[in-house]
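Since the structure comes first, as structure tokens, the remarks are kept for the end.
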Amino acid sequence: MARKDPARRAAELRDEIRRHDHLYYVNDAPEIADEAYDALFAELRALEDQHPDLVTADSPTQRVAGAPLDSFPTIEHAAPMLSLESDKEEEALRRFDQRLRKALAQAGHEGEELTYVLEPKLDGLSLELVYEEGVLARAATRGDGVRGEGVTANVRTIAAVPLRLSATARPVPPFLAVRAEVILRIADFEAVNERLIEEGKAPFANPRNAAAGTLRQLDPRITASRPLDVYFYDVLAARWPPAGRSRGKGGPPATHQETLAALAGWGLKVNERTRPARTLEEVLAYHRELGEGRDDLPYEIDGIVIKVDDLRQREELGTTARHPRWAYAHKFPPRKEVTRIERIVPSVGRSGVITPVALMRPVEIGGVTVARATLHNREEVARKDVREGDRVRVQRAGDVIPQVIERLEEEGRERPAPWRMPETCPSCGTRLVERGPYTVCENGFGCPAQRAGRLQHFASRLALDIAGLGSENAELLVESGLVRALPDLFDVTKDDLLRVKRRLADGTQRGFADKSADNLLAAIHKAADTELARFLYGLGIPEVGDKVARDLARHFGTIAALRAADEEKLQEVAGVGPRMAEQIRAFFADPRNAEVVERLLDRRVRLRREAGPVTAQLAGLKFVFTGGLPTLSREQAKKLVEANGGHVVGSVSKATDYVVAGEDAGSKLAEAKKHGVPTLDEEAFLKLLRKHGISVTA
Ligand code: IVH
């Protein structure tokens, strides 16, 4: 096939990648697998490497984090970024509604319909984004409302921000300033904090602070490493194309609903929970609904925003110096309260980590009674300097475990000595060890506090998936002495199960009936035939989640290969860094764990081979492809490598094993020379595969 004109192919690829970005990040409905997307991206990157003149500022490849800045430039907003009048009392909302209807009547709109648009009030930070000729030109924080900080380099790393707008029903204005809210989803906030705490750094107090701290990073690489999200909700200023001066089709929108539709049409994500309303009752119902569902949302909201839909009515109503008269925020009750810490107790988690837990005088926060809060680790206790008896501010965010935000100073109160981590495990008495900022009981299954949790984890859905072995039955099996170590689970008999009984605090008894015993045994039997990835995850190796477990299984193929791997070999797996490699090594090196693994594999558990790669002849080898190969397509070559356990990566480094270069190979060839990486042409590549025992048919 004749090779396509590279400029045309690059444009095609960009459109295609943008379309998939939109499907994935905005619509949350991807059409293709990650691998297929990666292949498109790699092809575009290779084309641009070969033809640097084809690179455009809005190319998806340019969404990379740039170099750190010394400071942010000041940027004047295209129009003032106003804030909202807000209150949490229903009475205040009623007054707003009355005031508004009266003002409209006075302005001669008597008898006119009044439609509101209701939106969730996202608890993030406000951003102005300017698109010139449809291309993202700059972005700024709200600042003082007139001028903000230019955070363009950071905003370019946000996947949900298109670098170029798509022109659909409504043409893209040559100049367009839009307003959006940048947020960090609760799950991502937790992950960011977990990382910070692990590194011994101070965690963020809430998702909003985390989003703000991330956006105002001078190093865009840090911003890029934390998945910020964004919702667009207004046009701040625009120069509309001459054809559509009049409101309506093509020109400026006439209502807020049209504005939102236009934003969505240009590829800007708008909130899916937006809804029109005619009456105050509908507004109150929406507030109630969102308030009740607040804990189930993936992001934090702190109220609802009520906006007049008709933009002509908005003009009549006007603005005060600080906020528009046509919009209003009806807030939810705060999720922060003040209470007192009664005791701080060490709690032993499933993996043996000892967490200091604050037991507090019960307090109601946003409809939930809170009496416990995590203090993470000994360094957090020291940093916050909280002690028994202290008055503290506590918060609940989403369904996140309640947190102690800060200690409140009290004059004249005698405080006890700072809290200290115990030296031995409160559950089994083993001497505790310090691992970074964490304190750990390394007694594993020997520690009663860890046993039930570890068993439950081993049986959980992503591990061996043993139906009927939840927390209650795990405790039953452990407390009755039937399961002293994981392998014992497979030796349990029906008679054993029928014999165990447990008396609960309320006097009732728990145990197994004939049928439930049969069911559990059948589930254990079935689960004994499992995959390496599930087995690895189930072992509860510190820091090894289900994804890493899958990558390890795919990379090494067998448990023997994994156990034999040193830290360097382990780090060849994507996503395994030096810390994790050390943890994995240490886990298998511990004789207690080695015994558990051996007993499990001794006729109890059978490991199936991973469905992923067919073979592992190329395990650990990293390939970079550049230029077109004479007979193989890029896709075919990539498949050959990956099906045999190798990896295809996008850029050359000293960790690359081979660069396979074809016609028109670009800068990667020079990179290979620089790092001393061997380069192969297609023939040599095929020879290498054959040498590894991989059969290659033409
Ligand atoms: S409209 C002139 N809509 O709330 C209208 N604001 O307290 C300006 N916010 O600074 C704002 N969600 O950061 C609007 N759906 C939403 C919002 C929203 C969150 C924030 C925004 C603003 C603050 C005002």
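Per-residue answers, yes or no, for (1) acidic (Asp, Glu); (2) under 30 Å from His330 (Cβ atoms); (3) within 16 Å of the ligand (Cβ to nearest atom):
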position	(1), (2), (3)
Asp28	yes, yes, no
Val64	no, no, no
His77	no, yes, yes
Ser83	no, yes, yes
Val117	no, yes, yes
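Restricting attention to the range 472-525, which residues are in contact (Cβ under 8 Å) with a residue 40 or more places away in the chain and either of a type outside the set (A, V, I, L, M) or on the phi > 0 side of the Ramachandran plot (or both)? Residues satisfying the conditions are Asn473, Pro487, Phe490, Asp491, Ser516, Asn519. For the range 578-593, what are the residues that are touching a helix residue (DSSP H, G or I) at 6+ places or on another chain (Cβ under 8 Å) and free of Cβ contacts under 8 Å to residues at least 12 places away in the same chain? Answer for the range 578-593, where residues must be touching a helix residue (DSSP H, G or I) at 6+ places or on another chain (Cβ under 8 Å) and free of Cβ contacts under 8 Å to residues at least 12 places away in the same chain: just Pro578. Given the condition more than 13 Å from the ligand (Cβ to nearest atom) and either among the acidic types (Asp, Glu) or surrounded by fewer than 17 Cβ atoms within 10 Å (Cβ to Cβ) (or both), answer yes or no: does some residue in the range 301-308 qualify? The answer is no, given that none of the residues of the range 301-308 is more than 13 Å from the ligand (Cβ to nearest atom) and either among the acidic types (Asp, Glu) or surrounded by fewer than 17 Cβ atoms within 10 Å (Cβ to Cβ) (or both). What about Ala167, is it part of a strand (DSSP E or B) and within 23 Å of Asn27 (Cβ to Cβ)? It is false that Ala167 is part of a strand (DSSP E or B) and within 23 Å of Asn27 (Cβ to Cβ). Taken together, the residues in the range 196-214 that are open to solvent by 10 Å² or more (accessible area, probe 1.4 Å), part of a helix (DSSP H, G or I) and without any contact (Cβ under 8 Å) to a residue 60 or more places away in the chain amount to 3. Residues in the range 437-495 that are among the hydroxyl-bearing types (Ser, Thr, Tyr) and in a helix (DSSP H, G or I): 1 in all. For the range 236-247, does any single residue satisfy the condition of being in contact (Cβ under 8 Å) with a residue 40 or more places away in the chain, assigned to a strand (DSSP E or B) and either open to solvent by 50 Å² or more (accessible area, probe 1.4 Å) or of a type in the set (Ser, Thr, Tyr) (or both)? Yes: one or more hits. Within the range 561-577, residues that are farther than 16 Å from Gly646 by Cα have Cβ atoms under 6 Å from residues that are open to solvent by less than 70 Å² (accessible area, probe 1.4 Å) in these pairs: Arg563/Phe588; Glu567/Ala581, counting only partners at least 6 apart in sequence or on another chain.
Screening the range 574-656 for helices (runs of 4 or more DSSP H) wholly inside it with 1 or more residues that are small (Gly, Ala, Ser) and more than 30 Å from Val492 (Cα to Cα) returns the ranges 578-589, 634-642. Restricting Arg273, Arg322 to residues that are within 12 Å of the ligand (Cβ to nearest atom) and at pLDDT 95 or above narrows the list to Arg273. Taking (1) part of a loop (DSSP other than H, G, I, E, B); (2) modelled with pLDDT under 85; (3) touching a strand residue (DSSP E or B) at 6+ places or on another chain (Cβ under 9 Å) in turn, Val677 satisfies each apart from (2).
Conditions (1) more than 30 Å from Gln98 (Cβ to Cβ); (2) not charged (D, E, K, R), marked per residue:
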site: Leu317; (1), (2): no, yes
site: Arg350; (1), (2): yes, no
site: Ala373; (1), (2): yes, yes
site: Arg387; (1), (2): yes, no
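Table: residues versus (1) open to solvent by 30 Å² or more (accessible area, probe 1.4 Å); (2) within 11 Å of the ligand (Cβ to nearest atom); (3) at pLDDT 95 or above; (4) among the β-branched types (Val, Ile, Thr).
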| residue | (1), (2), (3), (4) |
| --- | --- |
| Ala277 | no, no, yes, no |
| Leu284 | no, no, yes, no |
| His330 | no, no, yes, no |
| Arg335 | no, no, no, no |
| Ile341 | no, no, yes, yes |
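Cβ-Cβ distances below 6 Å connect the following pairs, each with a first residue in the range 660-688 that is within 20 Å of Gln636 (Cα to Cα), a second residue that is among the aliphatic types (A, V, I, L, M) and part of a helix (DSSP H, G or I), and a separation of six or more residues or different chains: Ala661/Leu669; Thr679/Ala672. Could you say whether any residue in the range 173-185 is open to solvent by less than 10 Å² (accessible area, probe 1.4 Å), in a helix (DSSP H, G or I) and away from the ligand (no atom under 16 Å from the Cβ)? No, there is no match, as no residue in the range 173-185 is open to solvent by less than 10 Å² (accessible area, probe 1.4 Å), in a helix (DSSP H, G or I) and away from the ligand (no atom under 16 Å from the Cβ).
Residue count for the range 51-70, restricted to those that are farther than 21 Å from Ala159 by Cα, open to solvent by 60 Å² or more (accessible area, probe 1.4 Å) and either part of a loop (DSSP other than H, G, I, E, B) or among the small types (Gly, Ala, Ser) (or both): 1. Can you find a residue that is among the acidic types (Asp, Glu), in contact with a Lys or Arg (Cβ under 8 Å, 6 or more places away or on another chain), open to solvent by 10 Å² or more (accessible area, probe 1.4 Å) and within 16 Å of the ligand (Cβ to nearest atom) anywhere in the range 124-147? There is no residue in the range 124-147 that is among the acidic types (Asp, Glu), in contact with a Lys or Arg (Cβ under 8 Å, 6 or more places away or on another chain), open to solvent by 10 Å² or more (accessible area, probe 1.4 Å) and within 16 Å of the ligand (Cβ to nearest atom).
The values are calculated or read from the model by the stated rules, or taken from the named source; none is laboratory data. Computed from a prediction, not measured in an experiment: that's the story for all the values here. Glycine gets a Cβ as well: all are built from the backbone with ideal geometry, and neighbour counts include every protein chain shown. Ligands, DNA and RNA are excluded from the accessible area calculation, which covers all protein heavy atoms including side chains. Shrake-Rupley method; radii C 1.70, N 1.55, O 1.52, S 1.80 Å.
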